[in-house]
Amino acid sequence: MRNQTLFMRTVASLLTVTMSLLPTNAYATGGQNPDISSVGKEAQAFGQDLANSFRANSGSVQNGTISMPTLKDGQFQMNGGSQINVNDLFPGTSGGDGQPESYYFPDANKPDVDMLQGIYDSGDDMDDVGNSAKGALWSDANSADPSISGAAYKVLLDAANRSRPDFSKDPILNLSKKTYEDMDLIADGFGDCSAETTINQNAINAHVPEYERCQRVVDQSAHCEVVHDYDASVVKHYDGPYNLKSCGEGCTELWIGKVGDDYWAGNCKIYEEYTRVQVSNPDAIVSATLEYVKWDDYMQVWVGKSGQEAKVWSGPNGNFPPETAGKCELSTSWERNPNVDVTPYFKNVKDGDVVTFKIRVSVTGEGEGYGRIKIHYDPSKAITKDEWSPQSCMDSAKGVADGFAQGEITCIDDPTDTTGCTVINGIKVCESQLKPSPLPGIPKLCKKVRVKADYDFYKGQMDCWTDPQGETHCPVNSGGNLNSCTEFENNPQCGFISSKCVDGAEGASGTCYVHEDTYDCGSDVAVPTLEKETEYQCGGPIRCMGDDCLDVSKTQSTDFARATALLNAAQFMTQDMSCTGQDGDKNPTGDENVVCSAFAGEAGECKIAVGGVSDCCEKPSNISLADYLNLIMAVPKLDGAVMGLQNGNSIKGAYQILREPVLEGWTEITKPFTSYIENISGAVDSFYQPVEQVIDELMDQLTEQVKEVMADIMKGLGQDAATQEAAAGGAGKMAQEGMMESAATWLSTAMTIYTAYVVAMVMIQMVYKCEEDEFTMNAKRALKNCSYVGSYCKSKVLGACIEKREAYCCFNSPLSRIIQEQVRPQLGQSFGDPKNPQCGGIPLDKIAEIDWSKVNLDEWLGILQQNGKFPDPSSLNLDSLTGAGSDFNIDGSRKNAQERTLERLNGIDVDKARRDLTSEIFPDWDGSN
């Protein structure tokens, strides 16, 4: 106990000193330290470092011993800290204390559990037990030798029974009151500095997108030919006798001179024969050798550029009559293998250079002269061209291969020999040396391909459907609109956003046959806002003012418009909530878990004829978003119209019974409510029958409210009185039905009312007869309530995309949709895929995980401003926000919040209220002592 007391005194002393010497926000004057702001920030850093060291060494409990840190060298450390035995903190538990448990805790004796179990459902019995325990504690407190508990209670009684004079007229207290009342006058004497807060008008540039989607269908029907232009060479014939021959893989033979026998005649006559080749691929040549010659009588071989040839070999000896000595007639036809290396003449040249071989022969009688160069090359470098063209014809052929077009692909020029190869320029070319064929089933060596392709994947019978008039439609899609993007491409207000392939429209080759392009045809809107700025005006130099010497993280928003958007989000959340049973049951019973979520939506889809003219995804153009905003912004007003009734009113009472359980987690009225009452007391009839008796009256009131709102909307649309009354009546009935089903989803009811009004009363006129669900969903899209999920081909066979379906998640308001789009990425959620959209709400237990500073609601502000529903911030005041201008001004006499607060405080004796409250807390106080 002594250690504990010492520790508590130390902590109290430390807090006393730090609180008095380290104010959280101060300023200093004078010129002693010109850099006092840095001193303040250093002090803040020291405090943060000290706090961090305490977090790392905050003490521990182990084996009944509490270890506490000590402060050393400006850091909290565990070494050298205090230790306390936990038993010393609880009297009666220490082994050295022989007092019984009841000495310290007379009421801690084990109760009679069986007795308590028998009285849990009886208020009177539980009161008896509590009063008995309270009486025992009273007796213990007033006994001659009270226990510790009794002594503690005695302290409380003595404090309550202490005499309390009435100081309401005391001169000292009145002087304090006078000082407080004159605080403004006193403060003027310390007016060295003043803070001036100004509200500046500004604007937010909010973009309101208007996404439009279109399709580009690939139809490359054609009858054409694809040419495979490939070439292989190391040398090519340029001039003179031509004789190139393959001698196996990586080997080619070049014959120089004229191959034959006795084609020259004369007497010691000299003949010359030129063979020129173009070195087309010097990098592929490995070696070149003059490996064979045949002549009669003398022969020379010269090699080099034309006019610059050099002799590389002569035979049978060094003579060459008549230019030299030697007998002209040798009467011999010679064959030799000189194996002279001539590689440099092929390697040390540029691509395309010409190499000349000159054969000189001295003939007497009849003779000939020629030779053979054997060239070795790298087969991997021998291919110099490998191209398929034209691309358009190959694209047409891919449609046939992918099954999106009817036709055939046939090779009509295949030079492949029995070895599976072909020879070009003396080079043996095999399939392994060429690139893969771009056309399936066509060999790599094929030189020409005939293509017949007729695209028909988008043509044919569409699924049948029934329109709202009961007429069945089974149209045939024959095309006629392969590119619906032209209108957006030509519209300067529309900017290209993205292009993707429709799910199911991509072939095995990777070719996409139906492209879906997205354009944004929206606009930028300047949203007025107010921003607060505070400036300090001081008579002298101030070293620290405000947060000059501290780094303070501020969380208060100074932006009126964005703060308004977040308030809208909070308001709409209470009006756009739904709950289901733990198994997804929308009608849960009262004895099962209920899962609640906000901003839930519904999945929907519409159809488009691919490449055709039938379009059931067309948004109606005669919908007024401004009128819809009027309705959903009036939803809280309808709620307030009922809640604003006086307490005790049967309408309000019945409405609250229906409203509050739903807002706390129920979506269905009758079953959860009756189950709840049944679980508590079993008295269903006695409690529920009064609700049934007034519910009709309640719904009549709500119906009238909705009729008034809808009538105001249709006046703005120019409808005649009869139409107004008919539509308003229908809307009111729909509101009544909607409220009977779900008392918490006001926004859902509002959207249902308006979309039904649009479809039925405004008479949406579309060129194509579509389904009612498509009309309704497109109306919601026009109201900016829907998020696009994606599209897919609605077909049952591969290679067919006759009908495209666009999938959406539609919510109850544009704000609900925007919040869903902004929040889902934070929570790691998506809208699913087009065939299985995930449009559920945000679970209420996930709301706390949202970082609202990262939620951009500028689009909502832009929508409000664009439709004249955003208030001018400069005209806002207390009366317009909380008084006569409030949506809760039901009867026109609502006072503002300041006036209502003053009225509530008028005539209240605060001191008397405090004394009365003391009497309630200590009912045993008799006013004495």
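Here is how the numbers come out for the structure above:
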read-out: Looking only at the range 151-172, and only at residues there that are touching an Asp or Glu at 6+ places or on another chain (Cβ under 9 Å) and modelled with pLDDT of 80 or more, the one that is surrounded by the fewest Cβ atoms within 10 Å (Cβ to Cβ); value: ALA151
read-out: Some residue of the range 223-237 being closer than 30 Å to THR356 by Cα, of a type in the set (S, T, N, Q) and either modelled with pLDDT of 90 or more or outside the structural domain of GLU273 (by TED's automatic domain parsing) (or both); value: yes
read-out: Qualifying positions in the range 394-420 - crowded, with 19+ Cβ neighbours inside 10 Å and within 30 Å of HIS237 (Cβ to Cβ); value: CYS411
read-out: Answer residue from the range 812-854, given it is surrounded by fewer than 21 Cβ atoms within 10 Å (Cβ to Cβ) and of a type in the set (Ser, Thr, Tyr) and is farthest from the chain's Cα centre (by Cα) among those; value: SER853
read-out: Counted residues, the range 247-280 - those being in a strand (DSSP E or B) and either touching a Cys at 6+ places or on another chain (Cβ under 9 Å) or more than 21 Å from CYS421 (Cα to Cα) (or both); value: 20
read-out: The listed residue being surrounded by 12 or more Cβ atoms within 10 Å (Cβ to Cβ), within 29 Å of SER795 (Cβ to Cβ), in contact with an Asp or Glu (Cβ under 6 Å, 6 or more places away or on another chain) and not assigned by TED's automatic domain parsing to the domain that holds GLN278, out of CYS446, CYS485, CYS501; value: CYS485
read-out: Wholly enclosed strands (runs of 3 or more DSSP E) of the range 292-359 bearing at least 1 residues of a type in the set (Gly, Ala, Ser) and more than 30 Å from SER280 (Cα to Cα); value: 310-315
read-out: Residue within the range 459-473 that is buried (at least 19 other Cβ atoms within 10 Å of the Cβ) and aromatic (Phe, Trp, Tyr) present; value: no
read-out: Condition broken by SER498, with the remaining ones in (1) under 30 Å from GLY868 (Cβ atoms); (2) modelled with pLDDT of 90 or more; (3) of a type in the set (Gly, Ala, Ser) satisfied; value: (1)
read-out: Odd one out for GLY495, checked against (1) within 28 Å of GLY399 (Cα to Cα); (2) surrounded by 12 or more Cβ atoms within 10 Å (Cβ to Cβ); value: (1)
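Residues checked against (1) within 30 Å of ASN281 (Cα to Cα); (2) part of a loop (DSSP other than H, G, I, E, B); (3) out of contact with any Cys (no Cβ under 7 Å at 6 or more places or on another chain); (4) of a type in the set (Phe, Trp, Tyr):
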| site | (1), (2), (3), (4) |
| --- | --- |
| LYS428 | yes, no, no, no |
| PRO440 | no, yes, yes, no |
| ALA453 | no, no, yes, no |
| HIS515 | no, no, no, no |
| LEU530 | no, no, yes, no |
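The values are calculated or read from the model by the stated rules, or taken from the named source; none is laboratory data. Keep in mind the model is a prediction, meaning the values are calculated, not measured. With ideal geometry, Cβ positions are generated from the backbone for all residues, glycine too; neighbour counts draw on all protein chains shown.
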